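Single-structure report; data block below.
None of the figures in this text is laboratory data; all of them are computed from the coordinates on show. It should be emphasised that the depicted structure is a prediction, and the values quoted were computed from it without experimental measurement. Cβ sites come from the backbone with ideal geometry, for glycine too, and all protein chains shown count toward neighbours.
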DNA sequence: ATCGATATGTTGTCATCGTCAACATAAGGC
DNA sequence: GCCTTATGTTGACGATGACAACATATCGAT
């Protein structure tokens, strides 16, 4: 059986379509894992199946990742980097300021819905425990987009000067994260539409920005 | 080896400490599963280990639950019932009204932190998919406590009459759920304390109740 | 060019796990 | 006291993650 070598990011040395060395297996494994998680969920992911899909043996993976958790962490890292870029583009693309804040909030939930496999692995909790410190860095970088957002708004006087942006930021993050998770888990009952709940939520968050939180 | 029969809720017929029939295995399995998830996480839960801990063979479980997912769903159901009662007690114990709202919100996050194994199974997403319709009912009953909360507040004029309580309710739910998940996953960075973020969050939610959301 | 070091992929094997089938034992009604 | 049913056990199987030993390709130094 010829190997189904379909490189997602082909290297320069792509001499033959059927060869012993894959070329960019490390990356292909992540992409295939994402595809399979998207299809059947994280708990159904099997290393053997990932290998089979790539036309590679079941243990080829171990030359690139220490174990299954390491592969999932790679998925998580890719997700956080993609996430950060998505949030930044939304913020910057909307001209920053208050419109940028809204765009970021809506982009947050949209990302979770459009990349459910990434998002679930990123925030799966139990499964992936950030063994690689770079994962935490990538996650922090994504969160930082929101903080930068708030810092600018505070500079423009749209957020009270005394406001603690760490708390405000975590509060906002928790809110959009909650909406994303509930929507992803199919927990929005009946008449509540995800898109509308997202807009509703972002509108409420925006409305609360000017309110000082004297404690 | 004598069987370690320690019934969490002993039935009336507890004749001998060491016997062939356990007496209340269905319940004991759930309790032990919760204990083990608390210790090592959901993904490390093993049916064989649960049986061993209860001094029972590895397949005894199948007389009470169809499979592993069914046992986890039982954990989930117990969690939702306990959750509902906890939220209701907080609300009612605080005299309802606005103080009751705050108490409910804080009790929400506290429940997640005090019963992480239950909460994670309840909202694990991928793993447990509510095959038993009663699970969804139990979950809805817990959510209903929040809705009842809002209905009363609206009746007292603390929430604008035209406000859509389904959206407001889901928005609030998402927020506290988000705080609970981030705290549970250890994603609150450095100086942000869970308890204080919870109070901060509830205060912001309360502050927003009076604000009409004209869309 | 070639040769050896290293990276990459494969096959064989093992322990563990969830689950089913067949069997064993207790509980309870007639 | 017996028979039905509920409950628990042992044996087995296929699937899975992982390790070890082996195979093959790549690449730099000479």
Pairing the Cα long axis of helix B:133-155 with the longest principal axis of chain B, what angle in degrees results, from 0 to 90 and rounded to the nearest 10? 30
Closest approach to the axis - chain A beta-carbon, rotation onto B, Å: A:178, 1
Helix A:194-209 versus the longest principal axis of chain A: what angle, 0 to 90°, nearest 10, using Cα atoms? 40
How far apart are the residue A:195 label points across copies, placing each 7 Å from Cα toward Cβ, in nm, shortest first? 4.4
Over region B:68-215, how many percent of alpha carbon pairs lie in each 5 Å bin up to the one with the longest distance? 2, 10, 19, 21, 19, 14, 10, 4, 1, 0
In nm, one decimal, shortest first: how far is the label point of residue A:210 (7 Å from Cα along Cα to beta carbon) from the matching points in the other copies? 1.6
Helix-only mean residue ellipticity at 222 nm for the protein assembly as shown, each DSSP H run of n ≥ 4 adding -39500 (n - 2.57), per residue, nearest 500: -20500 deg cm²/dmol
Explain nothing, just the number: relative contact order of chain B, from Cα pairs under 8 Å at least 6 residues apart, as a whole percent. 18
Residue B:66 versus residue A:43, label points 7 Å from Cα toward the beta carbon: distance in nm? 1.3
Across A:124, A:55, A:186, the residue with the highest GNM fluctuation in chain A (Cα network, 10 Å cutoff) is A:186
Cα centroid separation - region A:145-197 against region B:76-92, whole Å: 27
Dimensionless Rg/Rh of the protein assembly as shown, both radii on Cα and Rh by Kirkwood, sits at 1.01
Could you put B:198, A:135, B:211 in order, starting from the residue whose Cβ has the fewest other Cβ atoms within 10 Å? B:211, A:135, B:198
Apply the Debye scattering formula to region B:22-113, with a single equal point scatterer on each alpha-carbon and no solvent, then give log10 I(q)/I(0) at q = 0.18 Å⁻¹. -0.78
Over region A:14-137, what is the relative contact order in percent, taking alpha-carbon pairs closer than 8 angstrom and at least six residues apart? 25
Compute the angle between helix B:68-93 and the longest alpha-carbon principal axis of chain B, please, reported from 0 to 90 degrees and rounded to the nearest 10. 40
Restricted to Cα positions, what overall size does region B:128-215 have along the principal axes? Three whole-Å values, descending. 40, 39, 23
Select from B:59, B:86, B:104 the residue whose mean-square fluctuation is largest in a Gaussian network model of chain B (Cα-Cα springs shorter than 10 Å). B:59
Label point 7 Å beyond Cα along the C-beta direction, distances from residue B:137 to other copies (nm, shortest first): 5.3
